[in-house]
Structure formats: C-alpha cells, structure tokens
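The values are calculated or read from the model by the stated rules, or taken from the named source; none is laboratory data. Please read all numbers here as calculations on a predicted model, not as lab measurements. Quick reminder, even Gly has a Cβ in these numbers, built from the backbone with ideal geometry, and neighbours come from all protein chains shown.
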Amino acid sequence: MVLFPSLVNGLARTVSYKKGKDHERDGGRKAVQELVKEARKNDLLLSSSGIVKSAKSNNFASVFSRKGQKGVNQDSLVIWEEFGCQEDMIFCGIFDGHGPWGHYVAKRVRKSVPAFLLCKWQDSVAEASLDLTFKLETDRNLHKFHIWKQSYMKACAAIDQDLKQQKEIDSFRSGTTALTIIKQGEDLIIANLGDSRAVLATTSEDGTLISLQLTTDMKPNLPEEAARIEQSRGRVFCLEDEPGVYRVWMPNGKTPGLALSRAFGDYCVKDFGVISVPDVTQRKLISKDQFVILATDGVWDVISNQEAVEIVSSTPYKEKAAQRLVECAVRQWKHKKRGIAMDDMSAVCLYFHSCTSHASTPKPLSS
C-alpha cells in the first residue's frame, strides 16, 4: 500500500499495487466496480432525473431530462457525489447521443467514463514521481491539473476503442457527445467533447449575477476543427435547406452529415477528422462563484447563457432548478422553432454552497 503526498491526497487516499500490468489493471477495474456499487447503495450515484446531496459536502445537484419529438430520449446523465470515495469531490456528466443507435451509445459512455477515468487517473498518479517538491502553490496545482488532463485523454481514447469493440452496439454511424466536470474542493476540471455546454454563474463586482461560458461548442465550422477535418479529407458544408448548420461529410459528400467535430463513436468519419479527444480546462472557484449548469445543445439552441443563469437562480427550490430550466427551454422552442421537431433536453445544475443567495434579482425572461 502506497500513500501519496499532499499534491494528490485529496484525489485518493491510497492505491494498491500488484506485480504485473495485467494484475494492476484488473485490480483497478475491480476496485472501481466496488466503488460504483457502494455509491449506488448510499444514493450517491444518480443516472436519471432527481437530486444528489451528500451530508459530507456543500454540493447540491439538480438533474432533469426530457424526451423531445424525435423518438427515444438519446440524452444520458450521471452524478457521482463523493467520487472515488473522496468526500470533497463530485463528478457530473451529460451525454447527447445521435444516430440510430445514439441512445445505446450515450448510455454505454455514461457508464464507462467515470470508471475508465478513475482507472486512468490511478495509472497517471502511479507514473508521476511520488517525491516531487514544489516551491509554489501554482506549480502544485498545475501538476495536479496535468494528471487529470492526461487521465482524461487516456480514458477517452480507451472508451472510444471499447465502444468500437461492442458487437451489440452499432456505432459506425451513431455516437454521443460527452461533457463532464469534476469538482474537488475549489478546483473545477472541465472536459468537453461535443456541443453540450457548461456555464458558470458568478457574481460581478457590482453584485450582479452573470454567466461565464466554460466550454466551446465543438462545431465543424470552427477554424481549427474545420482545418483538421479538411486535412483528413473530410468535408464541411451546409445543406441548402439548413443555412448556417455546418456538418461533416465523407469525401463523397453524401454521409453522414454530422453536426459535430468531436464525438465518441461515429467511426465512419473517424478517418476524416472527427476525433474523440476532449478539450480539458480548469477553473479555480472563488466565493463569488455560485453554481454551474451543464446542458445539452437543445437547451442552448433557444436559451442564452445569461437567461439560463437567471432561470436557475430565480427558482425557489433548488431541487427543481434543472427541471425548470428544461421546461423554459421547451416553451422557448415552441415559440422560436415552430414547426421543427423538438430536441431532447437535459440539464444538470450543480450548486457550490449549501445556502445560495444573490445580491440582485434576476430579470425575467422576455416572452
């Protein structure tokens, strides 16, 4: 049994080592499986609409998902409070499937990400020096973030390979986005793969609650994304009846018309520039930061970042925050996108403080 230094004490209490990589890998997987069972048993792991509240932290999560008008709900969510048995850590994830098998892909990835991430994090920690010393707190924080980033990169690569090998799921022309965050103490790690979005609610100097977008919507027309796709012989263009909606096409220009530049699955275009590499960033939370919203693109298609923050902050009961945000988006969709089939909509609202108060009264949404 090896005890890690202070730089990772908050991430793991202990990690067991066995001789041989296969033994270590199997042992890590079994350990994670046990952690999942324990979390479910203690109502700390949620994968449907509801709430998650731990008695050992100030975190509070409100979760809600609603089926659209395109068939089965292809959105999936997961909240894991006390992630990896750490009292000060919570994991939140939201996944938006697409294609004929999108709902199966989203569910598979929802199940895989937390488990794969914990295993890869353990590997990354094991590879790091255990006797590192840092003169500055900044150096320590950067190294901790680097470990998480490398863990995410390895986990996502492994998940995409694992998904490809699942014979019961046809992910050749189906896939899913993946937006996840880990909050550990005052550290927020964000990993984005696709076009779901994370928005932070924070208080400005004059006491007004404002929105801050934490992620970039990974669309094919973004300069860097388009350049990668085109260098890989993929094509990016809009259809005549969808002006402004850029999609990824194979060199023949016929399929699949994917409105994303990054996703799990979608193996028909993985050789043409679509990747499963997440954009991993971090934020050091401060006392003025109140909550973060994760939502699938259906919500953001009709609700602005600031409107979302105002809706959540003005909800009388935090338990209903995610549901109210989605319901407001549904009403706005009917108003702004009349005649267009409504998308599935899902949201996670993670509050950072047990008691949330705001210095200003949010402006009401315009009708």
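Among the conditions (1) farther than 16 Å from L222 by Cβ; (2) free of Cβ contacts under 8 Å to residues at least 12 places away in the same chain, the only one that C238 does not satisfy is (1).
Only one entry in L11, L7 is modelled with pLDDT under 85, over 23 Å from G265 (Cβ atoms) and assigned to a loop (DSSP other than H, G, I, E, B), namely L11. Name the strands (runs of 3 or more DSSP E) wholly within region 46-125 that hold at least 3 residues that are over 16 Å from L188 (Cα atoms) and at pLDDT 90 or above? Per the criteria, 60-66, 75-81, 89-98. Only one residue in D160, D195 is within 30 Å of C268 (Cβ to Cβ), in contact with a Leu (Cβ under 9 Å, 6 or more places away or on another chain), surrounded by 22 or more Cβ atoms within 10 Å (Cβ to Cβ) and in contact (Cβ under 8 Å) with a residue 40 or more places away in the chain, so which one is that? Only one candidate qualifies: D195. Answer yes or no: is there a residue in region 127-136 that is under 27 Å from A198 (Cα atoms), surrounded by 15 or more Cβ atoms within 10 Å (Cβ to Cβ) and either modelled with pLDDT under 95 or in contact with a strand residue (DSSP E or B) (Cβ under 6 Å, 6 or more places away or on another chain) (or both). No, region 127-136 contains no residue that is under 27 Å from A198 (Cα atoms), surrounded by 15 or more Cβ atoms within 10 Å (Cβ to Cβ) and either modelled with pLDDT under 95 or in contact with a strand residue (DSSP E or B) (Cβ under 6 Å, 6 or more places away or on another chain) (or both). Checked against (1) assigned to a strand (DSSP E or B); (2) over 30 Å from D170 (Cα atoms); (3) touching a Cys at 6+ places or on another chain (Cβ under 7 Å), I311 passes all but a single condition, namely (1). Look at region 96-121: where a residue is of a type in the set (S, T, N, Q) and a partner is outside any helix (DSSP H, G or I), sitting 6+ places away or on another chain with Cβ atoms under 9 Å, you get S112/F264.
Yes/no matrix, rows are residues, columns are (1) buried (at least 18 other Cβ atoms within 10 Å of the Cβ); (2) in contact with a strand residue (DSSP E or B) (Cβ under 6 Å, 6 or more places away or on another chain); (3) modelled with pLDDT of 95 or more:
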| position | (1), (2), (3) |
| --- | --- |
| V280 | yes, yes, yes |
| V299 | yes, yes, yes |
| Q323 | yes, yes, yes |
| Q332 | yes, no, yes |
| M345 | yes, yes, yes |
| V348 | yes, yes, yes |
| H353 | no, no, no |
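Of the residues V269, V280, the single one that is among the aliphatic types (A, V, I, L, M) and assigned to a helix (DSSP H, G or I) is V269. If I ask for residues that are part of a helix (DSSP H, G or I) and over 23 Å from S48 (Cβ atoms), which ones from region 332-347 would you list? The answer is Q332, K334, H335, K336. Scan region 146-180 for residues that are among the aliphatic types (A, V, I, L, M) and within 17 Å of Q74 (Cβ to Cβ) and the total you get is 4.
Of the residues making up region 301-321, those that are touching a helix residue (DSSP H, G or I) at 6+ places or on another chain (Cβ under 8 Å) and either on the phi > 0 side of the Ramachandran plot or not charged (D, E, K, R) (or both) are V302, I303, A308, I311, V312, T315, A321. Give the residues of region 241-269 that are touching a residue at least 60 places away in the same chain (Cβ under 8 Å) and not polar (S, T, N, Q), sorted by residue number. Correct list: P256, L258, A259, L260, R262, A263, F264, G265, D266, Y267, C268. Cβ-Cβ distances below 6 Å connect the following pairs, each with a first residue in region 39-51 that is within 19 Å of D344 (Cα to Cα), a second residue that is among the polar types (S, T, N, Q) and buried (at least 16 other Cβ atoms within 10 Å of the Cβ), and a separation of six or more residues or different chains: S49/S65.
With respect to E327, is the statement that it is over 20 Å from the mean Cα position of the chain (by Cα), of a type in the set (D, E, K, R) and either surrounded by fewer than 18 Cβ atoms within 10 Å (Cβ to Cβ) or outside any helix (DSSP H, G or I) (or both) true? When the stated conditions are applied, E327 passes them. Among residues of region 81-92 that are without any contact (Cβ under 8 Å) to a residue 60 or more places away in the chain, those with a beta-carbon under 9 Å from a residue that is among the basic types (K, R) at least six positions away or on a different chain give the pairs E81/K53; E81/K56; E82/K56; E87/K56.
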